[in-house]
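Report on the structure given below.
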Amino acid sequence: SSDVLREYREYERSMTTLVDAAVKPRVARYVAGIRTRLDAARLAGDGRRVPFHIMKSNGGVLSAEEVVHQPISTVLSGPA
């Protein structure tokens, strides 16, 4: 739980860890589907790999590969 949220309060950290575990499989499938479509478009286009970043709750971005490991960081982002 300390890897998910570096918070000293037990309740907040445990709830965040539970939500992270609940959404992780769905986010992984979603991101994999988008990556597959982007790769297919790359093969049809000029062959360059398209950067794939997802907005975090704090307004920053993470690469799609990082989001699969930390989906909770995107829960409150606007597009989510």
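Observations
- Scanning the stretch 5-33 for residues that are basic (Lys, Arg) and outside any helix (DSSP H, G or I) returns Arg6, Arg9.
- From the list Arg42, Arg37, the one residue that fits, being of a type in the set (Lys, Arg) and modelled with pLDDT under 80, is Arg42.
- Residue, nearest to Val19 (Cα to Cα), within the stretch 55-75, restricted to residues that are assigned to a strand (DSSP E or B) and open to solvent by 40 Å² or more (accessible area, probe 1.4 Å): Met55
- Residue match in the stretch 34-41 (condition: part of a helix (DSSP H, G or I), open to solvent by 40 Å² or more (accessible area, probe 1.4 Å) and under 27 Å from Glu12 (Cβ atoms)): no
The values are calculated or read from the model by the stated rules, or taken from the named source; none is laboratory data. This one's a predicted model, so the numbers in the text were calculated from it and none came from an experiment. Heads up, the Cβs are rebuilt from the backbone with ideal geometry, glycines too, and the neighbour counts pull from every protein chain shown. Side chains are part of the model used for accessible areas, which takes the heavy atoms of the whole protein and leaves out ligands, DNA and RNA. Shrake-Rupley method; radii C 1.70, N 1.55, O 1.52, S 1.80 Å.
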